[in-house]
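Nothing in this text is a laboratory measurement; each read-out follows from the coordinates by a stated rule. What you see is a predicted model; the values in this text were computed from it and never measured. A quick note on method: Cβ atoms are made from the backbone with ideal geometry, for glycine too, and the neighbour counts reach across all protein chains shown.
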Amino acid sequence: MNAAVEAESGIVYLGPFGEFELAAIQEELTGAEAETLGDPLTCIRVSDPRAAYDATGLLLRLSATAPQAAIVAFFVDSKAGAEGVRVFQGGSENERRELVWAEADVPDPAQWPVGSLAMTFGLQVGALTRVPRPGRPPLIQVIEALLSGATVETEDPKLLQQAVELLGQIPIPPATAALIAHLKHDDWVVRYHAAKGYSRIDRQQGQEEQPRLESILEDEDESVREALFQGFLELLPEVDFSASALIEQIDVSLERGLKDEDEDVREMAEQAAELRARLLG
């Protein structure tokens with residue numbers, strides 16, 4: 001990536017992109033440079049702060065000639081402290097979002113237009129623009145690191161605890177992998193959130209080397225064992241009768257939990273067992 005610039009705009013072309021599309025863009029946008037970001041994703045950037053973003057006629061024509069493609073225009077301007085995204089498809093504009101950084105209600109740049117655009121395509125913001133955006137909150141950085149499989153070291157243990165707790169609410173494989181990795185963390189609070197997050201959603205537990213649910217009951221901390229059954233209270237209403245492998249793990253966990261040496265664990269297992277009987281017979 002080249003050195004940072006103060007402002008630029010661009011077009012993200014989602015669909016087959018060739019010489020015809022590039023010539024049409026370069027005819028109207030001087031100095032436009034195309035870069036393939038992955039099939040079928042192409043980013044065309046220009047140094048003008050808003051040239052691509054404001055090229056309404058070009059964007060309408062491009063989207064009309066390729067109705068199956070999505071054409072997204074964006075701008076980022078650090079001098080003006082603003083960014084924006086426009087979405088075109090089938091010859092019409094479907095969405096427009098602009099934001100002045102200083103006036104944003106939400107302080108997380110991941111939820112701002114260009115950050116959201118990058119996350120939609122599974123990209124880092126730097127893959128779209130060389131313009132530096134405001135720094136991201138520490139919690140968001142930790143979550144991103146965990147989702148990428150990185151090991152997180154932070155002086156504030158609450159950041160990791162909060163990040164693992166939030167990942168427990170996300171039903172995607174990278175989140176599941178992060179939870180599994182933290183089931184053995186030194187901090188029992190981290191393990192607590194990992195255990196609850198792992199057991200509250202059907203994550204294909206016990207398959208493809210993922211730990212079985214009852215393995216959490218091997219934890220020496222009673223709060224972590226209790227978290228397993230707290231998760232069950234959210235999981236059970238979503239369990240289908242046909243999920244025999246998952247139900248088997250739930251039943252094994254309940255059998256062991258009802259005999260746990262800790263009273264609080266037994267009480268939580270009893271609540272989960274009553275819910276299991278009411279919902280699944």
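For this structure, a couple of remarks:
- Long-range amide H partners of residue 94 with built H, under 5 Å: 87, 88, 89
- Note, ³J(HN,Hα) from phi for the stretch 105-119, Karplus 6.51, -1.76, 1.60, rounded to Hz, x at Gly and Pro: 6, 9, x, 8, x, 5, 9, 7, x, 6, x, 5, 4, 4, 5
- Projecting the Cα atoms of 231, 175, 201 onto the dipole axis of the stretch 169-257, where Lys and Arg carry +1 and Asp and Glu carry -1 at the beta carbon, places 175 farthest toward the positive end.
- Most to least packed among 79-90, 117-128 [average Cβ atoms within 10 Å]: 79-90, 117-128
- Fewest neighbouring Cβ atoms within 10 Å first, the residues 101, 112 line up as 101, 112.
- Each of 61, 200 was scored by other Cβ atoms within 10 Å of its Cβ. Arranged with the fewest first, they read 61, 200.
- The phi-based Karplus calculation (6.51 cos²θ - 1.76 cosθ + 1.60; θ = phi - 60°) puts the 3J(HN,Hα) values of the stretch 128-136 at 9, 9, 8, 6, x, 9, x, x, 8 Hz, whole numbers, x for Gly and Pro.
- Percent breakdown of C-alpha pair distances by 10 Å bin, ordered from the shortest bin, for the chain: 6, 24, 22, 17, 16, 11, 3, 0
- Think of each Lys and Arg Cβ as +1 and each Asp and Glu Cβ as -1; about the Cα centre, that makes the dipole of the chain roughly 960 debye.
- Whole-Hz Karplus values for the stretch 138-146 come out as x, 4, 5, 5, 5, 4, 4, 5, 5 Hz, taken residue by residue from phi with 6.51 cos²θ - 1.76 cosθ + 1.60 and θ = phi - 60°; glycine and proline positions read x.
- Neighbour counting of Cβ atoms within 10 Å sorts the residues 154, 30, 42, fewest neighbours leading, into 30, 154, 42.
- Dipole of the stretch 1-124, positive direction: furthest Cα of 80, 36, 57, with charges on the beta-carbon: 57
- The dipole here belongs to the stretch 139-280: it is taken about the Cα centre, uses +1 on the Cβ of Lys and Arg and -1 on the Cβ of Asp and Glu, and is about 480 debye.
- Neighbour net charge for residue 104 - beta-carbon separation under 15 angstrom, K R +1, D E -1: -3
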